[in-house]
Structures are given as structure tokens and as C-alpha cells.
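Novice: Please find one structure pasted underneath; my questions will follow.
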């Protein structure tokens, strides 16, 4: 019996593309046997854009790109009504690249993509030069200041984000309004027009927990990239490319993504996650492709300094949004908040002025000195410590920065691990039997 997932219906109405997807695999890979998915465009009227006039092969791009990865594992056949020829020809390259970063994948796992029609699309006349993907984070803001002006369009796809509170986080009205405000404010700074796109892919399409579990336990994927962001990372660029129909309609051939490049001392790394430059380079369709990622070999601390200098030179100010929480105000205590606040402080600025309204110098110093700043990847901690200038007096958290420089990134990391282990022991003391077992193992008795 053929295991198929089929896109059975594609309709564009006003500012929304609607899809109907059927799961005939018998594997329950989708959340239901029939899924109604959608992509919605905000501020489209500013461009005179409506998806209604686009070819079906272009309308199909967002959902097709999102669904393709499932065909790499379960022997699934994805059936689509229409496909762009460039994308169709490029499928083997996309597969090989993802297998290299997240795999290796085995041939016997692989299914196929079948298009009822294949269409060679010609790009319309260009109205803009680039799409700059914008999330509000350091990498995105840096890409925005390096590509300002009316020939570029800022595009935000907040539905790609992992949020920690609710299952309706990327469709709620407050969430959308907050994201619109963020991109609109930066649009005023960069003088570029903006578009916001939402979809229900993460919320309603795949049974993500089940697939993640299968890839780990049954397919035994164990690459560094898979351990970092797993099935979520494999789908990341496909979700981001909900922007594809707009890019085609506007004649935009170049997509710009901010790099999350990592460096640790003298070692240079390509980020092994869903935004890896090899992955973005592999995806091409309808005359559209990703250009060289912005800031590909620029450290995060330097990006923040560049943002501060650019804003000060232009007499402007922007918010930097990095928080894991979906609250309107950034929490200032999660790992990404702490990392970014340290970057801002090392650039000689107060985080309050850059979107961290809950920042308090005393509480922040206490958090760092008590070793509650815990990075999984030491590149970020090394970068922060290396950017601290011993000869400088900082206007904010000066004593903290010089203390951190003296401790060093390796020393701080060792102390973090010690505190974590100590807390585990203190929790165990409430269970004498387990404490006794641990003691006997340590002493060999």
C-alpha cells in the first residue's frame, strides 16, 4: 500500500492562501487525517499584493516546502497538484544537503515527491532588490541595518518561533499586534517597507512530538545539528519560506537571512542548526534563492556594537527582541535575554534603552555572579568575555564586567557546572536511600 500525503486543494482568498491536506499513510504523521492549513499576509495592501492572481505552482510553495522533509524518513510519497520546475529539479540537492547536516539519512527511508504538473515559472519584473527576514533579534537587526532603504522589504514570519507558553501563540491577536509593532518600528529606522506573514503550520500540521521521537529512537539520528534543534530545525527554512509567493509577485530574487555564525577562540564554526548557510544555499525555486547570509563571519558582540554605532550615527534607536517568552515585555532572565544584555552592556550601553524594560543593574549583576547564566554552547560566553576591555570604564555594570573578565569564560563555565551539581546533591539529601546509594558508589563500598 502506497503511503501518501496529498495536497488536495489550494485556494487564494483576499490576503490568505488556504490548503487542504490529506494523510493516507496510516502512520498518523499529521495531527488529523484531513488538515486545513493557511498562510496569511499582513500589510499586503501597501504593496498592492494579493495571492489571488498567482499561479497554483507558486501558491503551493509554502506548504510544499514545509511538507517535503517528512518524505525523507517514512517512505512517504508527497503528492502535490503543481510544482515549480526549479524546485522540482533541485529536490535531490536539498535532500543531500539536509542529509549531510542532520543525518546521514538512509536511502531506504526515503519516499518521493510527485507533482501532477510541473511548471516553469518566469519571474515578474522586479519591484524590489531583497527580502530581509526580520525577527527583531541581533542577527536580523544587523541584516536590516546592512540592507536599509526602499529597495528592500523587511519580512517577518513569527509563526516559525518556538514559544514556551501556549499552543496558540502564533495566531493570537495580541501576539500578531506585538510583532507588527516590532517590525513597524524597525521599518521606520531602516526606511524599508514591511510585510508580516503568519501560518498555522506548526500548530496544526505535523504530530511534531511523535516525529521527533521517531527520528531519535527509531531512525537513530545523532548528528550535532539534530541534537541541537531536531525536527523543528529540519522544518525551519520551509516554514520561513511562507514568504515565497510574495517574493515571486514582487520580482524579488534574493533572500537575505542573518547568520548565527559561531566562533570559539580561534575556531570558526558554521552554525549547525536549521539556518545553516549550506541549507539555505541548497533551496532554489522560481528564480528565487538565498544570497550570502548577512554577518556570516561576524561575532555576535561585534554585531551589537555595529548596531549601536549605526543607530547613534543615524540618531535613531531600535529595540532588540530575543526573549524566549511570548510576553509583551522581555523577561531579562532567560539565556538569550542575559546573553544579549551582556552584549549591549559590553558595547557601552544600558539594555533599558534597547528593549529590555525589566533590566535592573543590581539584580542582573546578582544573577551573573550567582552563576545562573548558563550557555549550552560556550562560544557565546567566550565572545562576551573576549569583548570586555580591561582598560575601559563601562557606564553600566562596570564592576561586573571586570569581574567576569578576571574569572574568564572557562572559569565561569566550571563554576556553573559546580553550582548545578551542588543543587542536584542538595535536592538528593531529601531522599536518604538515594544519597546512601550515591555515597556507596563514590566510595566503592
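Novice: Restricting attention to strands (runs of 3 or more DSSP E) lying wholly within region 181-265, give those where 2 or more residues are at pLDDT below 95.
Specialist: In region 181-265, the matching strands (runs of 3 or more DSSP E) lie at 262-264.
Novice: Still on this structure, please answer the following. Would you confirm, using the coordinates I've provided, whether residue 184 is in the same structural domain as residue 147 (by TED's automatic domain parsing), closer than 26 Å to residue 148 by Cβ and without any contact (Cβ under 8 Å) to a residue 12 or more places away in the chain?
Specialist: yes
Novice: Same structure, new question: For residues that are in contact (Cβ under 8 Å) with a residue 40 or more places away in the chain and assigned to a helix (DSSP H, G or I), scanning just region 40-52, find the one that is farthest from residue 242 (Cα to Cα).
Specialist: Filtering first and then ranking leaves 46.
Novice: I need the full set of residues from region 8-55 which are crowded, with 19+ Cβ neighbours inside 10 Å and either under 20 Å from residue 111 (Cα atoms) or modelled with pLDDT under 95 (or both), in order please.
Specialist: 21, 23, 25, 29, 30
Residue-wise test of (1) modelled with pLDDT under 95; (2) surrounded by 18 or more Cβ atoms within 10 Å (Cβ to Cβ).
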residue: 115; (1), (2): no, yes
residue: 126; (1), (2): no, no
residue: 135; (1), (2): yes, yes
residue: 139; (1), (2): no, yes
residue: 143; (1), (2): no, yes
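Novice: Report, by residue number, each residue of region 72-109 that is surrounded by 22 or more Cβ atoms within 10 Å (Cβ to Cβ) and free of Cβ contacts under 8 Å to residues at least 60 places away in the same chain.
Specialist: Within region 72-109, 72, 83 qualify.
Novice: Of all residues in region 367-386, which are over 17 Å from residue 267 (Cβ atoms) and either surrounded by 15 or more Cβ atoms within 10 Å (Cβ to Cβ) or more than 26 Å from the chain's Cα centre (by Cα) (or both)?
Specialist: 367, 368, 369, 370, 371, 373
Novice: Here's a follow-up. Need a quick list: helices (runs of 4 or more DSSP H) entirely within region 276-369 having at least 1 residues that are in contact (Cβ under 8 Å) with a residue 40 or more places away in the chain and over 30 Å from residue 90 (Cβ atoms).
Specialist: Hits in region 276-369: 300-314, 335-346.
The values are calculated or read from the model by the stated rules, or taken from the named source; none is laboratory data. What you are looking at is a predicted structure, and each value in this text was computed from that prediction instead of being measured. Counting neighbours? That spans all protein chains shown, and the Cβs are built from the backbone with ideal geometry, glycine included.
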